[in-house]
Amino acid sequence: MQYITVDISDGVATLTLNDPDKRNAINLIMNDEICDTLNDLEDSADVGSLIVTGAGRAFCAGADLGDLLSARERDNIQDIYRGFLRIADSTLPTVAAVNGAAVGAGMNMALACDVIVSGESAKFDSRFLQIGIHPGGGHTWRLLSRTDDQTVRAMVLFGEVLNGTDATEAGLSWKCVPDSDLMEEARTLALRATSYSKDLTKMTKVALRELPSIDSSLEAVQHEVLPQIESMKSEEFTRLVQSLQEKIASKSDTEN
């Protein structure tokens, strides 16, 4: 592949945006490669989670400016979004390991992941208005789902840029770690997710996406009933519960 690399180890796939000379700016070929790769990773029994990061000193500098200038029509501009939208729709648990700048559509690439881990060098920069373009790709909606209204307005309307520490305090990032620890921290999270059933995480991600439509306690309970019952039919559920029962019994015998 020309613009991304993929490494798979212990059930964790690491997808690296790999055009460091252009600070990993998103182009249409990169988007094709991301979409094709996600299809393969989701179908693979060897992959249980995904880390997205960038090569070199930046996470992703946004959309390729040439492609952006060419995208003057509704259908064309949506081509620019295809890569991060495919990640947002992934059935895999996803972690963005943000090293350096995440700008515009590159910030959307991070926001598309389930969890964002920031290195100390991370910079979250909306920057749409600064180049004379309205925010796109669901940027404001994704940002508001992580932070609050004032943070969205400060970043989008007033050009505030958040470093890794500030992004974590604002809720945009889950945690901020030294750059040298970034991939290890992301991998620790991703490895934990690989220990769960892929079918179970897939169902759970569907349920999480639908949470904004729920506005009562009863709806919340009903929302989870069917997938919870379905998960309880699995052999894995039976095995794990039996194992837990055995541990409890063993501990009880020891104490007596």
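In plain terms, the chain is cut at each of the trypsin sites (Lys or Arg not before Pro) found in a DSSP loop with at most 12 other Cβ atoms within 10 Å, and the longest leftover piece is 73-232.
Summed over qualifying helices (DSSP H, 4 residues or more, each -39500 (n - 2.57)) and divided by its residue number, the chain shows a 222 nm mean residue ellipticity of -15000 deg cm²/dmol.
Hey, how many Å between the Cα centroid of the stretch 183-235 and the Cα centroid of the stretch 1-64? Here the answer is 24 Å between Cα centres.
Taking every DSSP beta bridge with both residues inside the chain, roughly what % is antiparallel (nearest 5)? Roughly 30 percent of the beta bridges in the chain run antiparallel, per DSSP. Structure note, pairs Lys175/Lys202; Lys175/Lys205; Lys123/Lys205; Lys175/Lys233; Lys22/Lys175; Lys205/Lys251: Cα-Cα distances above 32 angstrom occur for Lys175/Lys233; Lys205/Lys251.
Sorted ascending by nearby beta carbons within 10 Å, beginning with the fewest, Ser70, Ser118, Ser243 become Ser243, Ser70, Ser118. For the chain, excluding the exposed loop sites themselves (GluC sites (Glu not before Pro), DSSP loop, at most 13 other Cβ atoms within 10 Å), the longest remaining stretch covers 74-209.
Values in this text are rule-based calculations from the coordinates and carry no lab data. Everything numeric here is computed off the predicted structure, so don't read it as measured data. Every residue, glycine as well, gets a Cβ built from its backbone with ideal geometry; the counts of neighbours run over all protein chains shown.
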